[in-house]
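Each remark here refers to the structure printed beneath this line.
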Amino acid sequence: MSDQPNPAPSLYAAREPIFPRRVKGPFRSLKWIIMIITLGIYYVMPWLRWDRGPELPDQAVLVDLANRRFFFFWIEIWPHEFYFVAGLLIMAGLGLFLFTSALGRVWCGYTCPQTVWTDLFILVERWIEGDRNARLRLHRQKKMDMRKMRLRLTKWVVWFLIALATGGAWVFYFTDAPTLAVDLVTGQAHPVAYTTMLILTATTFVFGGFAREQICIYACPWPRIQAAMMDEDTLTIGYREWRGEPRGKHRKGDGAENLGDCIDCMACVNVCPMGIDIRDGQQMACITCGLCIDACDDIMEKIGKPRGLVDYLALSDEPRERAGQKPRSVWAHVFRPRVILYTTLWSLVGVGLVFALFIRPEIEMTVAPVRNPTFVTLADGSIRNTYDVRLLNKHGEQRPFRITLTGPNDLRVQLEGTPYEAVDVPSSSTHLQRVYVIAPPSSDAAESERTEFRFWVEDLTNGDRAYNDTIFNGRTQ
């Protein structure tokens, strides 16, 4: 008997690589369609043209970091309009809650960037190395011969090109895409562009090619939050164990008449990109992509059994189905208080954003009174106040803006640097104009401590107007 102590058990379990098998079916087809649409939007959007005038690139979607603005076709979001971005983020969060409460983790299974790029990388891997069995044999092959090296290098090169295109597409959103593309190739682009591309290329290559399901299980917080969004009426992927158990191979003479519909073929496990067995019940790693449904339905058809052994189902329907009754309709699960509440909140935020978008003015002004000094007494006894007026021109061309005021009739406006009441404001920019307001010596405004009045700015091109209320300071009594 050895006196050596038993080694302590390891707390770390090495990752078992997952090689999903190819599958056909409606859910797989839906994932292909969503992949094409989402990747198409991401890669093509920076190249769509839109006239933005002489000062900006003619790009439909543009993030102008220098001036802290965002352009989306005809919509322009300025720094002081960040509430639009906040509203969109709130809508995204509510939409995630809505879909999760109704259909489980459909976002994770179909439109999450990690899922989309992992699907694309697995597709490339399958094209180059073959389907599941061929990839398993290659993985288990210890010797690195020429064939294995050739297949691996080919796969990694294609992965790298996809990752490079991903990083490149991202930086194109921040400046004129055609110009930046030439600068990137000729080495004249800003170092920030190359650094950003390098980081995104590396993360896409590693996350989509090697980490894959580990990002969803260990790095993403959503699997741990989803339980709060789901209840027993949520439609999510599950296994009808009351119909499938006890499972077996259905061989004649082996008591096949006492077995359930599941033949333990492992098809649902072999196609799962997360490597889980849905027959073990609800699991944090499940992204509800539906591939196990396609695989199981295909097997059920081949052995002459009804489809739906693995399907979208709700836990609340289990007692009914065990009793041989039909489950409630899909709409009964979808239209329930929680889902209706999320839908209502999501719609209200969306309507509010659209309303705010259509009522916002094309010109804006802000007024900041100069308080040091509060007022100045001129040689003739007149009282002068000074204001810094910031004018915002959202148009794509230079516009003349006229500044006037309404209030006591004896107040008059004088613009610094020009004898006129109008000033030219450059396109898609702000202009800071110092403005003097003067009251005659014996006027009420000059003798009163505070007099309210209103600044007006008018776009002389189309007649749009904006105003700002402020105070004129006179002599203290």
> Looking at the stretch 108-148, which of its residues are without any contact (Cβ under 8 Å) to a residue 40 or more places away in the chain and among the aromatic types (Phe, Trp, Tyr)?
Replying inline: 127
>> over 18 Å from residue 39 (Cα atoms), buried (at least 18 other Cβ atoms within 10 Å of the Cβ) and not assigned by TED's automatic domain parsing to the domain that holds residue 65: is that true of residue 235 in this structure?
In response: yes
> Can you name the residue in the stretch 57-73 that is part of a strand (DSSP E or B) and not charged (D, E, K, R) and, of all such residues, is farthest from the chain's Cα centre (by Cα)?
Replying inline: 59
> Looking only at the stretch 140-156, which residues are in a helix (DSSP H, G or I) and loosely packed, with under 12 Cβ neighbours inside 10 Å?
Replying inline: 140, 146, 147, 149, 150, 153
>> Just the residues that are farther than 17 Å from residue 363 by Cα and in a strand (DSSP E or B), please, taken from the stretch 415-448.
In response: 415, 434, 435, 436, 437, 438, 439
>> Go through (1) at positive phi; (2) in contact (Cβ under 8 Å) with a residue 60 or more places away in the chain for residue 399 and report which single condition fails.
In response: (1)
> What residue, of 188, 282, 214, is among the polar types (S, T, N, Q), outside any helix (DSSP H, G or I) and over 16 Å from residue 311 (Cβ atoms)?
Replying inline: 188
> Going through the stretch 265-288 one residue at a time, which ones are touching a Phe, Trp or Tyr at 6+ places or on another chain (Cβ under 7 Å) and under 20 Å from residue 34 (Cα atoms)?
Replying inline: none
> How many residues, within the stretch 201-232, are surrounded by 13 or more Cβ atoms within 10 Å (Cβ to Cβ) and in contact with a Leu (Cβ under 9 Å, 6 or more places away or on another chain)?
Replying inline: 7
>> When the residues of the stretch 20-56 are narrowed to those that are of a type in the set (Gly, Ala, Ser) and assigned to a loop (DSSP other than H, G, I, E, B), which ends up modelled with the highest pLDDT?
In response: 25
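The values are calculated or read from the model by the stated rules, or taken from the named source; none is laboratory data. No experiment lies behind these values; they were computed from the predicted model shown. Don't worry about glycine lacking a Cβ; one is built from the backbone with ideal geometry, like all the others, and counts go over all protein chains shown.
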